[in-house]
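A quick write-up on the structure given underneath.
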Amino acid sequence: MTVAEPGLTEAPRISTRRFVAAATIGNALAFYDFITYGFFAIQIGHTFFPTHNAYGSLMLSFATFGAGFLTRPIGGVVIGTYSDRVGRRAGMMLSFILMGVSIIALALVPSYAQIGIAAPILALIARLVQGFALGGEVGPNTAFLLEAAPEESRGLLVSWQGASQGIAGTLAGIVGVVLASMMAPAMLESWGWRIAFLLGAVTLPFGIYLRSIVHETLHEPEDNAMTEDTATLEGWPAIRAHAGLIGLAVVVLGSGTISTYVANYLTTFAQNQMHLSPTIAFASQVISYGVGIIAVLWGGWLSDRVGRRPMMIWPNFLYLLLIYPIFLWMVDSLSATSLLVGIFVLSAVSSVGFGAFYAALAESLPKNIRGRTLGTVYACSIAAFGGTTSLVVTWLIKVTGNPMAPGWYMLGATALGTIAMYYMRESAPVKLAQNAG
């Protein structure tokens with residue numbers, strides 16, 4: 001991967017590759033864990049929550065999945081504040097180590113059949129630690145990417161925050177496809193899903209090394225016309241000064257979270273409602289996250305040239321128009337083609353707008369509250385909507401009997417997110433320079 005800018009010497013290019021890799025590997029591991037849990041929700045439910053009906057087991061599994069979101073806001077505040085005071089590198093190291101410990105712990109917890117009620121309790125504790133770590137990952141990570149990036153390529157480099165999630169999802173999907181293809185269902189349910197988690201832990205030593213050698217960005221000077229009038233404010237006064245932006249960001253991130261976790265739920269939806277094989281279900285997620293990587297980076301790159309707002313608003317509006325017909329096609333045909341093509345189109349279009357959004361939010365916040373605000377806003381949005389989406393969609397399908405329920409839920413959320421994007425101010429340096437001139 002090369003992200004060199006014209007005129008840069010070889011040393012800065014190496015440094016850029018290094019800091020992008022350091023940020024990406026940690027963020028990818030964090031999201032790999034959460035995404036993998038969603039993919040294997042059925043198998044995990046049977047391992048830790050055996051009940052007399054599949055619906056009850058699945059709901060208990062998703063409830064434990066959602067429990068990890070409860071500690072995300074705490075992690076966002078604690079680790080985000082730590083990164084604003086001590087440094088981005090310190091915050092990223094702390095969250096990464098906690099995530100690594102918890103992912104290994106979850107993979108090694110014995111089943112309910114082996115240790116009884118202790119099994120779901122230990123699994124729940126692991127999820128709570130994972131949520132805390134991931135809540136504290138996004139703020140320092142995104143702040144670091146923005147502050148280490150050249151001004152003219154902030155959008156591209158900050159969009160690696162979103163791309164790392166796509167990398168995690170792609171890897172998780174590939175692992176799921178391989179395991180589902182190689183193992184009998186009983187083997188996959190018994191211990192196969194644990195392999196997926198342990199494979200993620202392989203990145204731990206590499207991530208710790210990369211994050212230990214990157215330079216600190218917290219105390220470097222920064223010229224930002226968007227925040228210069230509030231740069232001297234500290235703590236709550238600074239946060240209150242940006243309350244409007246924070247409110248819009250919560251809506252946008254809540255909208256994107258619902259869309260993401262509905263897409264993740266399609267792995268379960270494809271098996272339970274469309275009656276497709278686990279291999280096809282996992283393959284859909286490989287496609288979704290794979291195309292998302294390219295789209296989010298392209299959206300970030302283009303936002304450096306045409307501005308953040310156009311690249312947020314128009315792709316999201318197109319996404320809004322596509323959701324209903326694509327879900328209707330999937331529900332009516334119940335075919336692998338509709339699932340794979342539909343998720344390809346939805347992921348490609350939705351990811352473009354978020355490639356611009358990450359930079360727009362980060363560069364609109366002053367440096368002294370950037371880590372905690374990014375982390376807390378993101379974590380609260382995810383906790384409120386990500387932790388409940390799988391439960392809500394499963395419940396809606398159950399009570400309405402309508403398999404279109406996930407599409408309607410996604411449609412409403414996207415409409416609100418598009419409106420919030422419209423009201424965000426332009427922050428791209430190229431546009432601010434044009435306006436000033």
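The values are calculated or read from the model by the stated rules, or taken from the named source; none is laboratory data. In this text the structure is predicted, and so the values were computed from the model without any measurement. FYI the Cβ positions are ideal-geometry reconstructions off the backbone, even for glycines, and counts take in every protein chain you see. Side chains included, ligands, DNA and RNA excluded: accessible areas come from the protein's heavy atoms. Shrake-Rupley method; radii C 1.70, N 1.55, O 1.52, S 1.80 Å.
Summary table
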{"quantity": "Residue selected from region 414-429 under the condition open to solvent by 10 Å² or more (accessible area, probe 1.4 Å) and assigned to a helix (DSSP H, G or I), by the criterion nearest to Phe327 (Cα to Cα)", "calculated": "Ala415"}
{"quantity": "Single residue of Leu122, Leu146, Leu156 found to be part of a helix (DSSP H, G or I), more than 22 Å from Pro366 (Cβ to Cβ) and modelled with pLDDT of 90 or more", "calculated": "Leu156"}
{"quantity": "Criterion (at pLDDT below 75 and open to solvent by less than 40 Å² (accessible area, probe 1.4 Å)) met by exactly one of Phe48, Phe62, Phe40", "calculated": "Phe62"}
{"quantity": "Matching entry among Leu361, Leu346, Leu266, Leu334 (being modelled with pLDDT under 90 and open to solvent by less than 30 Å² (accessible area, probe 1.4 Å))", "calculated": "Leu266"}
{"quantity": "Qualifying residues in region 20-30 (those that are of a type outside the set (Ser, Thr, Tyr) and surrounded by fewer than 24 Cβ atoms within 10 Å (Cβ to Cβ)) - the one nearest to Trp160 (Cα to Cα)", "calculated": "Val20"}
{"quantity": "Scope region 369-421; condition hydroxyl-bearing (Ser, Thr, Tyr) and either in contact with a Gly (Cβ under 8 Å, 6 or more places away or on another chain) or in contact (Cβ under 8 Å) with a residue 24 or more places away in the chain (or both); matching residues", "calculated": "Thr373, Thr376, Tyr378, Ser381, Thr388, Thr389, Ser390, Thr394, Tyr409, Thr414, Thr418"}
{"quantity": "Counted residues, region 200-218 - those being touching a helix residue (DSSP H, G or I) at 6+ places or on another chain (Cβ under 9 Å) and not in a helix (DSSP H, G or I)", "calculated": "6"}
{"quantity": "Among residues of region 277-314, those that are open to solvent by 30 Å² or more (accessible area, probe 1.4 Å) and either at positive phi or not in a helix (DSSP H, G or I) (or both), counted", "calculated": "1"}
{"quantity": "Any hit, region 136-157, residues being over 30 Å from Ala433 (Cβ atoms), crowded, with 17+ Cβ neighbours inside 10 Å and in contact with a Leu (Cβ under 6 Å, 6 or more places away or on another chain)", "calculated": "no"}
{"quantity": "Residue in region 287-308 that is of a type outside the set (Lys, Arg), touching a Leu at 6+ places or on another chain (Cβ under 9 Å) and closer than 27 Å to Lys398 by Cβ present", "calculated": "yes"}
{"quantity": "Matching entry among Gln161, Gln165 (being within 19 Å of Asn264 (Cβ to Cβ) and open to solvent by 10 Å² or more (accessible area, probe 1.4 Å))", "calculated": "Gln165"}
{"quantity": "Every residue from region 168-196 that is open to solvent by 40 Å² or more (accessible area, probe 1.4 Å) and outside any helix (DSSP H, G or I)", "calculated": "Ala184"}
{"quantity": "For Lys367: the one exception among (1) farther than 17 Å from Thr142 by Cα; (2) surrounded by fewer than 23 Cβ atoms within 10 Å (Cβ to Cβ)", "calculated": "(1)"}
{"quantity": "Residues being touching a residue at least 60 places away in the same chain (Cβ under 8 Å), outside any helix (DSSP H, G or I) and either on the phi < 0 side of the Ramachandran plot or open to solvent by 70 Å² or more (accessible area, probe 1.4 Å) (or both) - total across region 87-115", "calculated": "2"}
